[in-house]
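Presented below is the structure to which this report refers.
The values are calculated or read from the model by the stated rules, or taken from the named source; none is laboratory data. Predicted model only: the values in this text are computed from it and were never measured. Cβ: placed from backbone, ideal geometry, glycine included. Neighbour counts: every protein chain shown. Protein only, heavy atoms only, side chains kept; ligands, DNA and RNA dropped before computing areas. Shrake-Rupley method; radii C 1.70, N 1.55, O 1.52, S 1.80 Å.
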Amino acid sequence: MTTNDSRFVSDRQIISALGSLAASAPVTLPERVFARWASAPSRLGEVFVAFTGAGVQFVRSSESVHGDVEEFAQEYRARFARPLQQAGTVPAGVLPALRGRPARNLRLDLAGLTAFEQAVLNATRRIPAGQTRPYNWVAREAGSPRAVRAVGTVLARNPVPLLVPCHRVVRADGAIGQYTFGPVHKEELLRGEAVNLDEIRSLARHGVHYLASDTTGIVCFPSCRDARRITPAHRQGFNTLAGAVAAGYRPCRTCRPGVEELGA
DNA sequence: CCCGTGACACTCC
DNA sequence: TGGAGTGCCACGG
């Protein structure tokens, strides 16, 4: 295979080399003082994006700042206490991420946030497109299972909406919950990712918050990729995870609806 | 340091 | 069946 020939450099090696170049590049004074901003298209229309050499720090829809970059810059300064300078383009990975495509090369600058805030945002980041998770799931994944309300507080101040997909965090009772840019946009985003909100609501009305397969013995969140493939005849609905476990089901390893110990 | 405040969840009627 | 009450944890003033 040509790509394994030692005379050639693989893409992986190039990327790795570029990565170390970026890391060792000298940080100039203006770079330390200024963060930069640029506008970009997103699923919610134009957004403004602020970033440093470490990654993206702040995202706001143009709509939410009334189309006024100055208002965006003020909001940014209020939170990060740094001046902004215009840049030509957004960093790598931002454009696909704003379109809802997972971008491996997207870098976020979350320094300055508390450990808890970072844990919440990182857990939220692991929710796949087209799926939802409840606030209590984020709390558990973030290592503070009882800090459910605190999760809401953190997400309410998510500095990088869309990039950290907080629109995928919904209430455990099936309601959609609140959103930085308003619940209407939250619903738009989820529908755009083909989340079947009508089915989720219909199930919730009947008290069903989990779906299990009696062939695999696994229980999932209804939006889980694996749950959507359960043949209707083998699909079992449950109100609580404990109920499903009591009936002999174990939590799905993909969507992780609860701790493994419950299933063991 | 105490106290109030939340993009929530659970338990009761 | 759903709305109020209560518990919770992290932050900010």
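For this structure, a couple of remarks:
- Meets criteria (within 13 Å of DNA strand C (Cβ to nearest atom), more than 19 Å from A:N239 (Cβ to Cβ) and out of contact with any Pro (no Cβ under 6 Å at 6 or more places or on another chain)) for A:A204: no
- Yes/no for A:D214 being more than 16 Å from DNA strand C (Cβ to nearest atom) and either in contact (Cβ under 8 Å) with a residue 40 or more places away in the chain or more than 20 Å from A:A119 (Cβ to Cβ) (or both): yes
- Qualifying residue in the range A:136-144 (condition: assigned to a loop (DSSP other than H, G, I, E, B) and buried (at least 22 other Cβ atoms within 10 Å of the Cβ)): yes
- Verdict on A:G88 being of a type in the set (G, A, S), under 18 Å from the mean Cα position of the chain (by Cα) and away from DNA strand B (no atom under 16 Å from the Cβ): no
- Boolean, A:E31 is modelled with pLDDT of 95 or more and either outside any loop (DSSP other than H, G, I, E, B) or surrounded by 10 or more Cβ atoms within 10 Å (Cβ to Cβ) (or both): no
- Within the range A:104-134, considering residues that are among the hydroxyl-bearing types (S, T, Y) and more than 10 Å from DNA strand C (Cβ to nearest atom), the one surrounded by the fewest Cβ atoms within 10 Å (Cβ to Cβ): A:T124
- Note on the range A:145-162: among residues that are under 24 Å from A:S62 (Cβ atoms) and in a loop (DSSP other than H, G, I, E, B), the one that is farthest from DNA strand C (Cβ to nearest atom) is A:L162.
Residue-by-condition table, conditions (1) part of a loop (DSSP other than H, G, I, E, B); (2) buried (at least 16 other Cβ atoms within 10 Å of the Cβ); (3) under 15 Å from the mean Cα position of the chain (by Cα):
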{"position": "A:A50", "(1), (2), (3)": "no, yes, no"}
{"position": "A:G67", "(1), (2), (3)": "yes, no, no"}
{"position": "A:A73", "(1), (2), (3)": "no, yes, no"}
{"position": "A:A78", "(1), (2), (3)": "no, no, no"}
{"position": "A:A92", "(1), (2), (3)": "yes, no, no"}
{"position": "A:P96", "(1), (2), (3)": "no, no, yes"}
{"position": "A:R101", "(1), (2), (3)": "yes, no, yes"}
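- Single condition A:G152 does not satisfy, out of (1) within 19 Å of A:G192 (Cβ to Cβ); (2) within 11 Å of DNA strand B (Cβ to nearest atom); (3) open to solvent by 20 Å² or more (accessible area, probe 1.4 Å): (1)
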